[in-house]
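Notes to accompany the following structure.
The values are calculated or read from the model by the stated rules, or taken from the named source; none is laboratory data. Remember, predicted model here, so these are calculated numbers, not experimental data. All Cβ positions, glycine included, derive from the backbone under ideal geometry; neighbour counts span all protein chains shown.
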Amino acid sequence: MARILMILDHSFPPDLRVENEIETLVAAGFEVCLLAIGPDERSETESFGGARIIRDRISAAQRNRMRGLAGTLPILERYIVRRMVSIFAEWPFQAVHAHDLYLVGGALKGGRELGVKVVADLHENWVAALKHYAWSNRMPAKLFINLKRWDRLETEWLSGVDGVIVVIEEMAERLSAKGIGKQNMIVLPNTIHRTRFDAYGIDPHLAGSIKSDLTILYTGGMDKHRGIEEAIRAMPTVLESVPDARLVLVGDGAVRGELERLSRGLRLQHTVQFTGWQPQDKIPSYIAGANIGLIPHLKTEHTDHTIPHKLFHYMHLGLPVVASNCRPLERIVTGTDAGLIYTSGDAEELALTVLTLAENPELAAQKGENGRLGVAAQYNWESTSSGLKDFYRKLFA
């Protein structure tokens, strides 16, 4: 059976998308090896879900430098080519699967040198993300990131690969408009792997620890484009109607310090709870203790072309969703009737939308049930992953 080398530039596991893809491909009979580049104290090699993991244990600073310069200097490209050639010498593979755009240039060059297929797996709209990430808008990164060049590289690289995988239909439409053909592209959403997620179970003590008259939950990263600032600013209005309301933020990121200062400035330190990063197996317990699942992403070119795992986690456990009007979020939440949508960036509208569910428990319960049914019928990994198997069978045909 054909062999696939995946390339990822952070420690692994965890990574829900990559874990799901590995499981699916291994079950379909493909041999998979993952090169994980980044800081990690674990062994250099190990087996994971039937795949071989090779860890290039480099510092976060070195990894970040290579990533940040990927569109300007070929440091990361040369690194990837060298490692592909080295791995191929001992484990010949027929395809390289690059996780995210900035790894595609090196994968493409190495693939041409070795005569193997090249697949680009775009976890997000990287070009647009660079406009909004905190790190890419600070010095010295700002000196080296050229968005126009990245836009050209995206078209050049993706036009040269053998296949493209995107997370949502809106991203496929965007690339097609740039002339990147749909015939070599599949949509593989970040849907929930129900068997694995359910196996985590629910810790009643943890779920109970965040319960209140109204617990609003956010899980995930903290960066400018996530819109968490608006969620915090919405809380004074929410508290006027529900004095015991809580906003629980499960995660971490570049702007956490700013968000904590904002919370203190608004005298919300007893209302807004920052838990920091939590293991994935704790997420169901947090969801079980909440009343509303929040996705407050700012509507940008970036967030209009991606979809977060958290949406399907909330829906699967019957938690009604309040989300901003980013295109994929609005389409899915409205299409399944799993929650309510508000205008991105409008803290007052966010507060009123939350209160609509809080003051109408039957409506909230129905929205939650609709979300659960939507996941059961459509938005689950068992249903959506078949496209990945078909994609690779066609690639190797």
### Message
Residues that are out of contact with any Leu (no Cβ under 7 Å at 6 or more places or on another chain), surrounded by fewer than 18 Cβ atoms within 10 Å (Cβ to Cβ) and in a loop (DSSP other than H, G, I, E, B): does region 302-324 have at least one?
### Response
no
## Note on the structure
Those residues of region 325-339 which are surrounded by fewer than 21 Cβ atoms within 10 Å (Cβ to Cβ) and not in a helix (DSSP H, G or I) amount to Asn325, Asp337
### Query
Looking only at residues in region 1-30 that are over 13 Å from Phe48 (Cβ atoms) and part of a strand (DSSP E or B), which one is nearest to the chain's Cα centre (by Cα)?
Ile7
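Please note which helices (runs of 4 or more DSSP H) are completely contained in region 176-244 and include at least 2 residues that are surrounded by 18 or more Cβ atoms within 10 Å (Cβ to Cβ).
228-241
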### Message
If I filter region 262-275 for residues that are touching a strand residue (DSSP E or B) at 6+ places or on another chain (Cβ under 9 Å), crowded, with 21+ Cβ neighbours inside 10 Å and closer than 27 Å to Glu19 by Cβ, do I get at least one hit?
### Response
no
### Summary
Of the candidates Ala129, Ala134, the one satisfying the condition of being buried (at least 19 other Cβ atoms within 10 Å of the Cβ), within 20 Å of the chain's Cα centre (by Cα) and of a type in the set (Gly, Ala, Ser) is Ala129
### Task
Output the residue which, of all residues in region 39-58 that are outside any loop (DSSP other than H, G, I, E, B) and acidic (Asp, Glu), is surrounded by the fewest Cβ atoms within 10 Å (Cβ to Cβ).
Glu46
### Query
Is it true that some residue in region 381-389 is without any contact (Cβ under 8 Å) to a residue 24 or more places away in the chain and buried (at least 16 other Cβ atoms within 10 Å of the Cβ)?
no
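Residues checked against (1) surrounded by fewer than 14 Cβ atoms within 10 Å (Cβ to Cβ); (2) in a helix (DSSP H, G or I); (3) touching a residue at least 60 places away in the same chain (Cβ under 8 Å):
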{"site": "Ser344", "(1), (2), (3)": "no, no, yes"}
{"site": "Glu349", "(1), (2), (3)": "no, yes, no"}
{"site": "Leu357", "(1), (2), (3)": "no, yes, yes"}
{"site": "Glu369", "(1), (2), (3)": "no, yes, no"}
{"site": "Arg372", "(1), (2), (3)": "no, yes, no"}
{"site": "Val375", "(1), (2), (3)": "no, yes, yes"}
{"site": "Lys394", "(1), (2), (3)": "yes, yes, no"}
### Task
Would you mention how many residues in region 245-259 are in contact with a strand residue (DSSP E or B) (Cβ under 7 Å, 6 or more places away or on another chain) and either surrounded by fewer than 16 Cβ atoms within 10 Å (Cβ to Cβ) or not assigned by TED's automatic domain parsing to the domain that holds Met222 (or both)?
1
### Test for Ala36: is it crowded, with 22+ Cβ neighbours inside 10 Å, within 22 Å of the chain's Cα centre (by Cα), in contact (Cβ under 8 Å) with a residue 12 or more places away in the chain and not in a loop (DSSP other than H, G, I, E, B)
yes
